[in-house]
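First the structure, in the form of structure tokens, and then the observations on it.
The values are calculated or read from the model by the stated rules, or taken from the named source; none is laboratory data. What you are looking at is a predicted structure, and each value in this text was computed from that prediction instead of being measured. Counting neighbours? That spans all protein chains shown, and the Cβs are built from the backbone with ideal geometry, glycine included.
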Amino acid sequence: DVKVTQSSRYLVKRTGEKVFLECVQDMDHENMFWYRQDPGLGLRLIYFSYDVKMKEKGDIPEGYSVSREKKERFSLILESASTNQTSMYLCASSLGGAADTQYFGPGTRLTVL
Amino acid sequence: AQRVTQPEKLLSVFKGAPVELKCNYSYSGSPELFWYVQYSRQRLQLLLRHISRESIKGFTADLNKGETSFHLKKPFAQEEDSAMYYCAPINFNKFYFGSGTKLNVKP
């Protein structure tokens, strides 16, 4: 079974803080993704990565950056958190690209005060 | 422009009734077509993928290329089908999820 884990289930931060969300997968998948999930908006892609040190912008990259130094780990960084970044953040991985089955982590619910 | 439309935010049916969750997409090409499901307090997971042509938990999905629709159907809904359902037509460089439909199956 593919296992995708995220570092925190719940996180509370203050406006302006730098926030790191970590995601680890254990199935040697090439592709990893960060989404945010908001009611009524579904999932929106923030960034994805097809390989170590590679990254591509998704639909809503503004205010976020990512890092992929190792194949199994994909980090999402909020350089200066703002209240409109309060959301559920989902990480996913897949073997054969986005058009292959994506395996999701449990999510991190981030609240920015 | 909205790329993936799931017109119903909430769909309530009684147990044993047929259910259809609609999905329309507005981009061209031949995307891979997925339905993902999220049960209460569980992670998002694949329900079915068009290319595999499998029926999962009694659900099937019909592709209508002319209408660019990929509706999810089940002839007899069960209470355990209550969940959030997301349609995802995915190309190599276009992957959008719909806004989701919450299915509530009443006893």
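Within region B:66-97, the set of residues being more than 11 Å from chain A (Cβ to nearest Cβ) and of a type in the set (D, E, K, R) comprises B:GLU67, B:LYS73, B:LYS74, B:GLU79, B:GLU80, B:ASP81. If you go through region B:45-59 and keep only what is within 11 Å of chain A (Cβ to nearest Cβ) and under 19 Å from B:VAL105 (Cα atoms), you end up with just B:LEU47.
Here A:ASP59 passes the criteria (1) out of contact with any Phe, Trp or Tyr (no Cβ under 8 Å at 6 or more places or on another chain); (2) part of a loop (DSSP other than H, G, I, E, B); (3) within 14 Å of chain B (Cβ to nearest Cβ) except the one numbered (1).
What about B:ASP62, is it away from chain A (no Cβ under 12 Å), among the acidic types (Asp, Glu) and either farther than 29 Å from A:VAL4 by Cα or out of contact with any Lys or Arg (no Cβ under 8 Å at 6 or more places or on another chain) (or both)? Considered against the rule, which asks whether it is away from chain A (no Cβ under 12 Å), among the acidic types (Asp, Glu) and either farther than 29 Å from A:VAL4 by Cα or out of contact with any Lys or Arg (no Cβ under 8 Å at 6 or more places or on another chain) (or both), B:ASP62 comes out as yes.
Kindly indicate which of B:GLY100, B:GLY29 is surrounded by 15 or more Cβ atoms within 10 Å (Cβ to Cβ), within 14 Å of chain A (Cβ to nearest Cβ) and at positive phi.
Values: B:GLY29 fails: surrounded by 15 or more Cβ atoms within 10 Å (Cβ to Cβ).
Only one candidate qualifies: B:GLY100.
Within the option set B:VAL19, B:VAL4, B:VAL37, B:VAL13, being more than 10 Å from every other protein chain (Cβ to nearest Cβ), in contact (Cβ under 8 Å) with a residue 24 or more places away in the chain, surrounded by 12 or more Cβ atoms within 10 Å (Cβ to Cβ) and closer than 23 Å to A:PHE104 by Cα holds for one residue only, B:VAL37.
Just need a number here: residues in region B:53-70 that are among the charged types (D, E, K, R), at pLDDT below 80 and at negative phi. Quick ask: steps written out before the conclusion?
Taking region B:53-70 first, the residues among the charged types (D, E, K, R) are B:53-54, B:57, B:62, B:65, B:67.
Going one step further and asking which of them are at pLDDT below 80, we end up with B:53-54, B:65, B:67.
Going one step further and asking which of them are at negative phi, we end up with B:54, B:65, B:67.
Counting residues in region B:53-70 that are among the charged types (D, E, K, R), at pLDDT below 80 and at negative phi gives 3.
Identify all residues within region A:58-113 that are of a type in the set (A, V, I, L, M, F, W, C), without any contact (Cβ under 8 Å) to a residue 40 or more places away in the chain and either over 12 Å from A:TRP34 (Cβ atoms) or surrounded by 16 or more Cβ atoms within 10 Å (Cβ to Cβ) (or both); write none if there are none. Outline the logic, then answer.
Kept after step one, since they are of a type in the set (A, V, I, L, M, F, W, C), are these residues of region A:58-113: A:60, A:66, A:74, A:76-78, A:81, A:88, A:90-92, A:95, A:98-99, A:104, A:110, A:112-113.
If we keep only those that are without any contact (Cβ under 8 Å) to a residue 40 or more places away in the chain too, we end up with A:60, A:66, A:99.
Matches in region A:58-113: A:VAL66, A:ALA99.
A single member of A:SER8, A:SER65 is over 24 Å from B:SER30 (Cα atoms), small (Gly, Ala, Ser), away from every other protein chain (no Cβ under 13 Å) and not in a strand (DSSP E or B), and it is A:SER8.
For region A:16-45, enumerate the residues that are more than 12 Å from chain B (Cβ to nearest Cβ) and either in a loop (DSSP other than H, G, I, E, B) or of a type in the set (Lys, Arg) (or both).
From region A:16-45, those more than 12 Å from chain B (Cβ to nearest Cβ) are A:16-30, A:32, A:34; that's our starting set.
Hits for region A:16-45 are A:GLY16, A:GLU17, A:LYS18, A:ASP26, A:MET27, A:ASP28, A:HIS29, A:GLU30.
The residue that is nearest to A:PHE20 (Cα to Cα), counting only those in region A:56-78 that are of a type in the set (Asp, Glu) and modelled with pLDDT under 95, is A:GLU56. Exactly one residue among B:LYS102, B:LYS74, B:LYS65 is in contact with a helix residue (DSSP H, G or I) (Cβ under 8 Å, 6 or more places away or on another chain) and basic (Lys, Arg), and that residue is B:LYS74.
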